[in-house]
Amino acid sequence: MGEYCYIIQPILPVNRKSGTVNFIRDPEARLEEAVSLSAAISLDVRGGEVINLRRVDAGLLFGKGVIERVADTVKDEEIDLVVVNHGLSPVQQRNLERAWKCKVIDRSALILEIFGERAQTKEGKIQVELAALSYQRSRLVRSWTHLERQRGGSGFMGGPGEAQIELDRRMIDDKINRLKKQLGDVKKNRDLQRESREKVPYPIVALVGYTNAGKSTLFNNVTGADVFAQDLLFATLDPTMREVKLPNDKAIILSDTVGFISELPTHLIAAFRSTLEQVKYADVILHVRDVSAVDTAQQREDVIQVLEELGVSYSDNPKIIEVLNKIDLLEEGHTPETLGDKGQVAVSAVTSEGVDALLDIVGDIITKEDTTCAFLLSPAAGEAQSWLYNHGSVLKNEVTNDNRIHLEVRLSAANLGRFTQRFSIYPME
């Protein structure tokens, strides 16, 4: 967007009631993440700082000295936009804009702006707009351009030619209701598609992880696809699926999903719940982690929290594998930390190191519940034989003396049931 941007990372004071600090991450890492978020929508970051707050001002968040100092920076550097990497109340946002004489957005608005620019599918666009309207509903002191679709993004940062439209709550509520209806229709269609996939049926392997952990790069490595993958936060928003053959010849559907992030706006969690629902139905979940990140442990906890909110139990879940990615960025001789309570595989999605071992483990998990069955097929049962080859692992194929075909096949319980129902052919005793 080309706007000059300045980023502030506040550190809130100790919570007197609980005695704990409201900030558990490394402040500099947090600031760097905010810089990356801003770069994701091409903001020109001119600087940033970490500000330690002794107390929180209800009307401005910051104290008088900070307000004056940042105002001078905004003026000297000709800053167009200040991003406060924390939640702001509508009053705080309005007062900061008056004090600094520039646009001010908080972390939620920044993430919404990214989502608004990146969403590609119809469902993704509806979800973003719904989340943005829910966020905007309490901030009617702001002008709103999102409904007019004058440009990409969610309209929080305005721009040349911005229309000054005051939307009242009834207009927003009407729009929200229409979007919810549209989203319901899209969800029904997606459910039908999922039911159709279940009839195919290939096991689903879902990639999840903190944003920029390397999920799309790993997806491209395994599938040979060209999904957008760059060193940017939220490079992927809309889920992508591809069929993949594992080393054991087992076919799976690999699914790339939107990256998680700490303090994701509550509106977006609700809006994207349906997009992430596919994770609940996955046969295997690959939790891709960036082990080169300073706050990799905190990122892990953020992902676990979101998965738990989606109804996916993390501890003692045998279908979850932690993929310790970006080992190529670690210093020589340094090994990624391990936690011991979850199956882990160290990989580099860029160099392919460890990827084959990962696929072998995925194959083992998928075939763990398989059973070996023997079938005796007539020479005319070519379709049944082809079905078994496509949906199972054929271990033996022999022709008997009476020209019948004796097959030994490893099948999942679900596929065995589908085979017998479709062809009325049952395993030999």
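The values are calculated or read from the model by the stated rules, or taken from the named source; none is laboratory data. Being a predicted model, the structure only gives us computed values, none of them experimental. Positions of Cβ are generated from backbone atoms using ideal geometry, with glycine treated the same way; all protein chains shown enter the neighbour counts.
Observations
- If you go through the range 293-327 and keep only what is basic (Lys, Arg) and over 16 Å from the mean Cα position of the chain (by Cα), you end up with Lys319, Lys326.
- Residue in the range 85-124 that is nearest to Lys64 (Cα to Cα), counting only those that are in a helix (DSSP H, G or I) and small (Gly, Ala, Ser): Ala99
- Verdict on Val91 being within 32 Å of the chain's Cα centre (by Cα), at pLDDT 90 or above and aliphatic (A, V, I, L, M): yes
- Total residues in the range 125-148, condition at pLDDT below 50, in contact with a helix residue (DSSP H, G or I) (Cβ under 9 Å, 6 or more places away or on another chain) and part of a helix (DSSP H, G or I): 2
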